[in-house]
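To start, the structure under review is shown below, and the notes come after it.
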Amino acid sequence: MTNRIPCSAERLNLLVPQMIQSIAQAAAFRVARQYVMEKRVRISDANDSRILSTLIGNAGLYEQQIHLKDGHLVSACSCSVPEEPLCRHSIAVLLEYHRWAGHQESSPSSTQPESPSRPQTHHSNKPSPPALQSSVADITLSEILKLVEWLQPAMKAIEKEQPLPPSPTDEAGGVSAWILAIKSLDDRRRETEDVLVTLEAELRDRNAYAARLTQQLQASMAELKTAQAVSRNFEREVNTYRATLAKLGELTSEVAQYDEQIRTAAREILEKGSHFDKVAMSCREVAETLHASVKTTPQP
C-alpha cells in the first residue's frame, strides 16, 4: 500500500517519534515501536530524503520505500494493512531511521566512516562491533592471553548478571573485535531480559486482571443462581395461589348453587305457609262455629 501525506520536514531525520506518533494510529504506533524493540527493521539504503528497507512482520517479510518529495512524505509498503496515514511497518522504519541517525550524529568518527547513504542496521542503541577481518595468523599469543584473562571475569559477571569488566587497555590487536562482539551480545542479552521483565510484568497484571474478572464472574454466577432459586420459589407460590383461586372459584360456584336451592326452598316454604294459614283460618272458623253452636244448645 502507498500513502502520501503533507510534510514540512526538509530531512527525514527531522521526523522525531513525537511527530510520527501525532499522525499515526495509536495501535499501529504501538506495534511499530515493538517491531523496533525486537530489531525487525533492516535498512538497506538511506539518506536525508529516501529510505529503502525491509521488515520482518508477523505474517512475512515486507519491503518499504519512503522518501520526501515536493513537500510530501510518500511511503510504499508491500503489506496490505489498511492503516492510515502510515502503516505500522513504515512507522517502524521511520522510528528505526531516527534512532540510527541520532546515533550516527552522537558517535565519534571511526577509522572507516560509514557513508550516510548506506546505513547499517544496528540491533541496539550501541555501535555494532567491527567485522572480524583479522585472520588467525594476525593474532599474537599475547593478545590471546589478554583475551583469556578478560574472559574469566567476564564469564563470572555474566553468570552473576553483572556488567562486563572493562576491556584490556591495549585493544589494538585482533582480539579487540572479539571482545566488542561479546560485549554487543551481552548488551543484546540485557535488552532482551529487560523486554522479558516488561512482558512478565504485563503478564502478571493481565493474570491479576483475569483473576479479578473470574471472581466477578463467579460472584455474578452465584447471584444468578440465587435469583433463579428465588424465581423458582415465586413460581411455586404463584402456582399455589392459582390453585387456591381455582378452589375458591369452585366454592363460589357451589355457594351460588346452594343459594339458589335455599331460595327455592324458601319460596316453597312460603307457599306452604300460606296454605297452612288458610287451613288454620278454616279450623278457627269451624271452632268458632262449634263454640257458638254449643252455646245455643239448650241444657236438658
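Observations
- Residue list for segment 239-251, filter: polar (S, T, N, Q) and open to solvent by 90 Å² or more (accessible area, probe 1.4 Å): none
- A single entry from Glu63, Glu10 fulfils the requirement of being in a strand (DSSP E or B), without any contact (Cβ under 8 Å) to a residue 60 or more places away in the chain and open to solvent by 80 Å² or more (accessible area, probe 1.4 Å): Glu63.
- Number of the condition not met by Arg188 [criteria: (1) among the basic types (Lys, Arg); (2) free of Cβ contacts under 8 Å to residues at least 60 places away in the same chain; (3) closer than 18 Å to Val36 by Cβ]: (2)
- Pairing residues of segment 263-285 that are touching a residue at least 60 places away in the same chain (Cβ under 8 Å) and hydroxyl-bearing (Ser, Thr, Tyr) with residues that are in a helix (DSSP H, G or I) and surrounded by 10 or more Cβ atoms within 10 Å (Cβ to Cβ), at Cβ distances under 9 Å and at least 6 apart in sequence or on separate chains, gives no pairs at all.
- Subset of segment 274-290 that is open to solvent by 100 Å² or more (accessible area, probe 1.4 Å) and among the aliphatic types (A, V, I, L, M) - its residue that is modelled with the highest pLDDT: Met281
- Residue ID - farthest from the chain's Cα centre (by Cα), chosen from residues in segment 15-39 that are within 14 Å of Trp100 (Cβ to Cβ) and modelled with pLDDT under 90: Leu15
- Residue match in segment 66-75 (condition: among the polar types (S, T, N, Q) and open to solvent by 50 Å² or more (accessible area, probe 1.4 Å)): no
The values are calculated or read from the model by the stated rules, or taken from the named source; none is laboratory data. Worth saying up front: this structure is predicted, and the values here are computed from it rather than measured. Because the Cβ atoms are built from the backbone with ideal geometry, glycine has one as well, and the counts that use them run over all protein chains shown. Only protein heavy atoms, including side chains, enter the accessible area calculation; ligands, DNA and RNA are left aside. Shrake-Rupley method; radii C 1.70, N 1.55, O 1.52, S 1.80 Å.
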